[in-house]
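Here's the structure, in structure tokens; my notes come after.
The values are calculated or read from the model by the stated rules, or taken from the named source; none is laboratory data. This one's a predicted model, so the numbers in the text were calculated from it and none came from an experiment. Glycine also receives a Cβ, built like all others from the backbone with ideal geometry; neighbour counts cover every protein chain displayed.
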Amino acid sequence: MSQGLILPHGGSLVNSCIATKNLSGMTLFNVPNSIRTEIENIAEGVLSPLDGFMDENDFESVLKDGRLSDGTPWTIPIVLDVNELTARKLKDSNDVLLSTGEDRFGILHVTDLYKFDRKLMASSVYGTDDPNHPGVKKVNAMDDTLVAGKIEVFSMRENTGIRRFRSTPSQTRKEISRANWKTVAGFQTRNVPHNAHEMLQKAALNIYDGLFINPLIGKKKTGDFTDEMIIKAYDVLIRNYYQKSNVLFATLHTEMRYAGPREAIHHAIIRKNFGCTHFIVGRDHAGVGHYYSPYAAHEIFKDYPDLDIQPLFFSSFYYCKRCISYANEKTCPHPPEFREELSGTMIRKMVSTHQVPEKYLMRPEVSSLIISSKNPFVQE
């Protein structure tokens, strides 16, 4: 790691990528691609200081205190659930060979298997046990047993197709060092960019050396923009409207959990591992529906003064027809009737009804890209 960069969470980047070992005699354990993605993130340090799936002590500490058992800030359980049959299979296995389909890629060193309380997990992480919440729905569908253990990966998937902009913390840290940025603001998104996003990002760029745009690529809820659409939209926006020497773009491959304030801390930790010194937290960060107050994700940072990465709190930007510019409540004195609020929900509604967003709402290159797409949204 280059001297002068912010330390990764926990002090050092995890690197669990290894050369192929002797795999003979190992129990084969097949996992879906979504779990493989999480395993790859662990192996390459995205989730430092985690080097595997949480044991029971860390799991319970995260639920209760929002910290690992050693006190390190951590708000989202990183766990692997298995059914009873698989649990019995793994009970007597120390090391298991991981695969997706016929592709063998890593090793899980099993250290523990334990039961968990779904309702407690849901209410702790999401602040609700309402089964309509997408995160709660996923928890309720989990199998009964959690497997703890360190992981090692000897075969990473190629970064082609949807993974073509994927980057590791080691790679982004080298880019930040090469650019000689002392301060870097990270930006999390699960939407295509509209002009309020651009104004927020450029407000940060006016203060800090670099901007790290890091859209989340992975499972999302029905009606969200597709991963490919998000990537294409940011690509065209950056090419046409950004000073490229000040912007670093890479995709984060994981899933949205819609955990509101807890997920805001999680997102900040991940960007700290990528080398960001600051993290942009907007209105209703990682929220869904009306489960969280608009600025709950701002308030939670008060509980984590030891996080190291600095949050940048922004209130919602809107277009003011009196100011004839983008503004927020701190800069604009005009009443609500002059405001045109922007949100991912609003843009999705316009696109789904074939309305072309006005130029002051979305760059024409971006809106043209979306309107011309046959299927810009995640389907059921």
First in the range 52-68 and free of Cβ contacts under 8 Å to residues at least 24 places away in the same chain, second anywhere and among the charged types (D, E, K, R) and buried (at least 18 other Cβ atoms within 10 Å of the Cβ), Cβ under 8 Å, 6 or more apart: L68/D58
Unmet criterion (only one of (1) modelled with pLDDT under 95; (2) surrounded by fewer than 14 Cβ atoms within 10 Å (Cβ to Cβ); (3) more than 26 Å from K232 (Cα to Cα); (4) in contact with a Phe, Trp or Tyr (Cβ under 8 Å, 6 or more places away or on another chain)) for E341: (3)
Residue in the range 341-355 that is among the hydroxyl-bearing types (S, T, Y) and within 27 Å of Y242 (Cα to Cα) present: yes
Subset tally (residues that are without any contact (Cβ under 8 Å) to a residue 24 or more places away in the chain and over 13 Å from M229 (Cα atoms)) for the range 359-377: 2
Selected residue (only one of D58, D70 is under 26 Å from the mean Cα position of the chain (by Cα), assigned to a loop (DSSP other than H, G, I, E, B) and acidic (D, E)): D70
Residue that is of a type in the set (K, R), under 24 Å from R348 (Cβ atoms), at pLDDT 95 or above and assigned to a helix (DSSP H, G or I), where the choices are K174, K119, K138: K138
The range 309-327, subset assigned to a loop (DSSP other than H, G, I, E, B), of a type outside the set (S, T, N, Q) and more than 30 Å from L7 (Cα to Cα), residue modelled with the lowest pLDDT: F317
Qualifying position, being buried (at least 16 other Cβ atoms within 10 Å of the Cβ) and of a type in the set (S, T, Y), among Y326, Y360: Y326
Boolean, G45 is in contact (Cβ under 8 Å) with a residue 40 or more places away in the chain, outside any strand (DSSP E or B), at positive phi and surrounded by 15 or more Cβ atoms within 10 Å (Cβ to Cβ): yes
Matching residues in the range 57-90 - criterion: being touching a Lys or Arg at 6+ places or on another chain (Cβ under 7 Å) and among the aliphatic types (A, V, I, L, M): I76
Members of the range 286-323 found to be closer than 24 Å to Y360 by Cβ and either exposed (fewer than 13 other Cβ atoms within 10 Å of the Cβ) or not hydrophobic (A, V, I, L, M, F, W, C) (or both), listed by number: P294, S315, S316, Y318, Y319, K321, R322
The range 346-358 residues that are more than 20 Å from Q379 (Cβ to Cβ), paired with ones that are outside any helix (DSSP H, G or I) and modelled with pLDDT under 80 (beta carbon under 6 Å, 6 or more apart): none
Selection from the range 99-113 of residues that are crowded, with 17+ Cβ neighbours inside 10 Å and either polar (S, T, N, Q) or over 24 Å from the mean Cα position of the chain (by Cα) (or both): T100, R104, I107, V110, L113
